[in-house]
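Okay, structure first, notes after.
The values are calculated or read from the model by the stated rules, or taken from the named source; none is laboratory data. Because the structure is predicted, anything quoted here is derived from the model rather than measured. Cβ atoms come from the backbone with ideal geometry, glycine included; neighbour counts cover every protein chain shown.
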Amino acid sequence: MRIGRKRVQRLMRLMSIKAIYPPKQTTIRGISSQIYPYLLRNLPIVRPNQVWAADITYVPMRKGFVYLFAIIDWYSIKIVDWEISTTLDTEFCLHCLNRAVSRHDKPEIFNTDQGGQFTSKKWISQLKEYGVTISMDGKGRWIDNVMIERFWRTIKYEDIYLKSYENPRVLGKGISG
């Protein structure tokens, strides 16, 4: 049986079926912010705490949504620390960064995208205070931060979308266990 895209859309709407996909424009560049060069091209990653990367993702729940921030060590490909927030501000990222550094020492290089949280004066000054070299992906270059992007896909498709968490507290307990 041949059917077209509009018929599939109508049937999905009638059955309340929705596609799962990331929202558009999740990274919004900070206004008049300093952008740092991408330093990881052809850099051999040979030890823990050499390079950390971080990113924020949107997490839908039954009622509403939250933001999930995570820091990953590129060498071990393990999550160093993570934080959940209902607001997309810099403070929850800084809280997570400070906790990660206190638990695992500091990285030599910290790589992020050019989002407003990571180009903010607070974020940049905190990394400089720790003596960390700052690296940023190019605009539209998700592949530069592929480690964390793969983690987002895994946690969303293998846990979050399947369990449809009720609220941020339940989400935090569910993904930490």
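To keep it simple, each residue is scored yes or no on (1) modelled with pLDDT of 90 or more; (2) of a type outside the set (Asp, Glu); (3) under 20 Å from ARG150 (Cβ atoms).
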{"site": "ARG47", "(1), (2), (3)": "yes, yes, no"}
{"site": "THR57", "(1), (2), (3)": "yes, yes, yes"}
{"site": "PRO60", "(1), (2), (3)": "no, yes, yes"}
{"site": "SER76", "(1), (2), (3)": "yes, yes, yes"}
{"site": "LEU97", "(1), (2), (3)": "yes, yes, no"}
{"site": "LYS106", "(1), (2), (3)": "yes, yes, no"}
{"site": "THR112", "(1), (2), (3)": "yes, yes, yes"}
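Among residues belonging to the range 120-161 that are at pLDDT below 90 and among the aliphatic types (A, V, I, L, M), point out the one that is surrounded by the most Cβ atoms within 10 Å (Cβ to Cβ).
ILE148
Looking at (1) of a type outside the set (A, V, I, L, M, F, W, C); (2) surrounded by 13 or more Cβ atoms within 10 Å (Cβ to Cβ); (3) farther than 14 Å from ALA54 by Cα, can you tell me which one ASP73 breaks?
It is condition (3) that ASP73 fails.
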